[in-house]
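Take a look at the structure below.
Read-outs throughout are calculated quantities, based only on the coordinates presented, and are distinct from any laboratory measurement. None of the values given here were measured: they were computed from a predicted structure. Neighbour counts run over all protein chains shown; Cβ positions are idealised from the backbone, glycine included.
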Amino acid sequence: MKFKLRAGMVGGGKGAFIGAVHRIALNMDGLIELCCGALSQNPEKARESGKELFLPEDRVYDSYEEMIKRESELPEDQRMHFVIIVTPNFAHFEPAMMALEHGFHVMIDKPMTLTLEQARALKAKVDETGLLLGLTHTYSGYPLVKEAKKMVADGKFGAIRKIYVEYPQGWLSQFSEADGNKQAAWRTDPSKSGKAGCMGDIGTHAAHLAEYISGQKIVKLCADLNIVVPGRLLDDDGAMLLKFDKGASGVLVATQVAAGEENNLKIRIYGEKGGLEWNQQEPNTLLVKWLDAPTQVYRTGNGYLSPIAQFNTRTPGGHPEGYLEAFGNIYRNFVLALSAKLNNETPDPLIDYPTVEDGVRGMAFIDNVVASAQSDQKWWDYVV
Ligand SMILES: NC(=O)c1ccc[n+]([C@@H]2O[C@H](COP(=O)([O-])OP(=O)(O)OC[C@H]3O[C@@H](n4cnc5c(N)ncnc54)[C@H](O)[C@@H]3O)[C@@H](O)[C@H]2O)c1
């Protein structure tokens, strides 16, 4: 990279969850500077939050509209290069579209928008402008997830037949939205979260991971959604059978009412000759299974891993990396791609990060799951 890239953040003020994680991730490799922000919809809180982050006072804005407008008027060598959007789902589309319309690249959290129509509109704008849009599907940032994807793509297991992905959490086992839990409140409100609750919040991560590692796309599903906690307005639990475009079939389970579970995302994929198993709570281990040989234990940070896994690893084996580094990898890959673009260079072929296409597929996943769960039809044809 020839120079550090500058970013402005929308959301992520005091008390917010994922904005702070984005800041750690973007600072991890010293390639990005957070230069401005519209950190809350409440101007006073936005200013307090900007102060706590030592942002220059004149670049702490009262709204994303002001931030995008004022930044676009600054000289090119001062203004931000890209906008980071870490607001609840209902406040993703407008700032993202406005940023693209003003020539700024975008990094946005998932699910990409509130509706599939908005997602398609963002994709059309990205296609029209040639600007980059990155999406923080965190779990595809882990080195061993990239290793798993490569092993599948290299045909190590033969044709992939079975994909099982499960994502149990327990934090919504009670009616927490009524107890002042702000993260629970917007996630269970259809006007703020979208058509789905659990399936939008974590089901989209599971679906993305399944498609990412297997290299196959979901084409049909048969879904069952439940509202387990009385009074809740959106699904907090669900499961589905899946069919993929290159012949695999599978199962996806996501729940936020598995009391006692933390963030137990796990995926198992099997082909004709063997398979693999990866668990987010033990992310530095990948189990590789063989029909005719003992199971192998792959570990992050070792020389036997492929170049793409090594490219996404910062510490030697036995010095555990985790969620924050996986997030950091998405940022690093995104800004390396962005820097190559700004300097008219060809990006390193190892660079890979979720894009607007993944964002559209995530929103399509939500639409198709909800439609399937509401229909009497056994197999629902997936529309993107
Ligand atoms: N990638 C992941 O693993 C991951 C994990 C958690 C959350 N998320 C996603 O991140 C997003 C935020 O989730 P969260 O849990 O951090 O929510 P949160 O409620 O903790 O934080 C949201 C922040 O956005 C601010 N905000 C709301 N409207 C705004 C506006 N118009 N302008 C400026 N700021 C505004 C709020 O004041 C708050 O600071 C969601 O889309 C969620 O799905 C992703």
State, to one decimal in nm, how far the label point of HIS102 lies from the label point of ALA159, with both points 7 Å from Cα in the Cβ direction.
5.2
What number, in percent, do you get for the relative contact order of the chain if the mean sequence gap of Cα pairs under 8 Å and at least 6 apart is divided by its residue count?
19
Other-chain or far-sequence residues with amide H under 5 Å of GLY275's (modelled H)
LYS289, TRP290
Return the single residue from GLY274, GLY12, GLY362 with maximal mean-square fluctuation; model: Gaussian network over the chain, springs between Cα atoms under 10 Å.
GLY274
With a bin width of 10 angstrom, please list the P(r) values of segment 206-352 as percents of all Cα-Cα pairs, from the 0 bin to the one holding the largest distance.
9, 28, 33, 23, 7, 0
For segment 89-117 and segment 1-59, distance of Cα centres in Å:
17
Projected onto the charge dipole of the chain (+1 at Lys/Arg Cβ, -1 at Asp/Glu Cβ, origin at the Cα centre), which of LEU135, MET363, SER249 gives the Cα projection farthest towards the positive end?
SER249
What full-extension length gain, to one decimal in nm, is calculated for ASN279 and ILE351 as 0.36 nm per residue of separation minus the Cα-Cα distance?
23.6 nm
Is there a quick way to get the dipole size of segment 231-384? I mean about its Cα centre, with the Cβ of Lys and Arg at +1 and of Asp and Glu at -1; what is the value in debye to the nearest 20?
320
Give the lysines reachable from LYS4 as a straight Cα distance under 20 Å; neighbours fewer than 8 places away on the same chain don't count.
LYS341
For a quick protection proxy, order the peptides 334-341, 85-92 by their average other-Cβ count within 10 Å, most packed first.
85-92, 334-341
Gaussian network model of the chain, springs between alpha carbon atoms under 10 Å - residue of ALA153, ALA119, ALA196 with greatest fluctuation
ALA153
Segment 166-252: Cα Rg divided by the 2.2 N^0.38 Å rule of thumb:
1.19
Rg [Å, one decimal], Dmax [Å, integer] - segment 110-231, C-alpha atoms
17.2, 50
Over 20 Å between Cα atoms: which of LYS14/LYS123; LYS162/LYS289; LYS45/LYS123; LYS69/LYS195; LYS220/LYS378 fall into that group?
LYS14/LYS123; LYS45/LYS123; LYS69/LYS195
May I ask you to evaluate 6.51 cos²θ - 1.76 cosθ + 1.60, the Karplus curve with θ = phi - 60°, for each residue of segment 103-120 and list the ³J(HN,Hα) values in order in whole Hz, giving x for glycine and proline?
x, 9, 6, 9, 10, 9, 7, 8, x, 4, 9, 8, 10, 5, 4, 4, 5, 5
Between PHE54 and LYS217, what FRET efficiency follows from the Cβ-Cβ distance if R0 is 45 Å, with the result rounded to 0.05?
0.55
Label-point separation in nm, PHE17 to SER63, each point 7 Å along Cα→Cβ:
2.8
How long is segment 92-156 along each principal axis, judged by its Cα atoms, biggest number first, in Å?
44, 22, 19
Place the peptides 204-211, 350-357, 304-311 in order of packing, highest mean first, counting for every residue the other Cβ atoms within 10 Å and averaging per peptide.
204-211, 350-357, 304-311
Sort 363-371, 14-22, 100-108 for me by packing, meaning the mean count of neighbouring Cβ atoms within 10 Å per residue, highest on top.
363-371, 100-108, 14-22
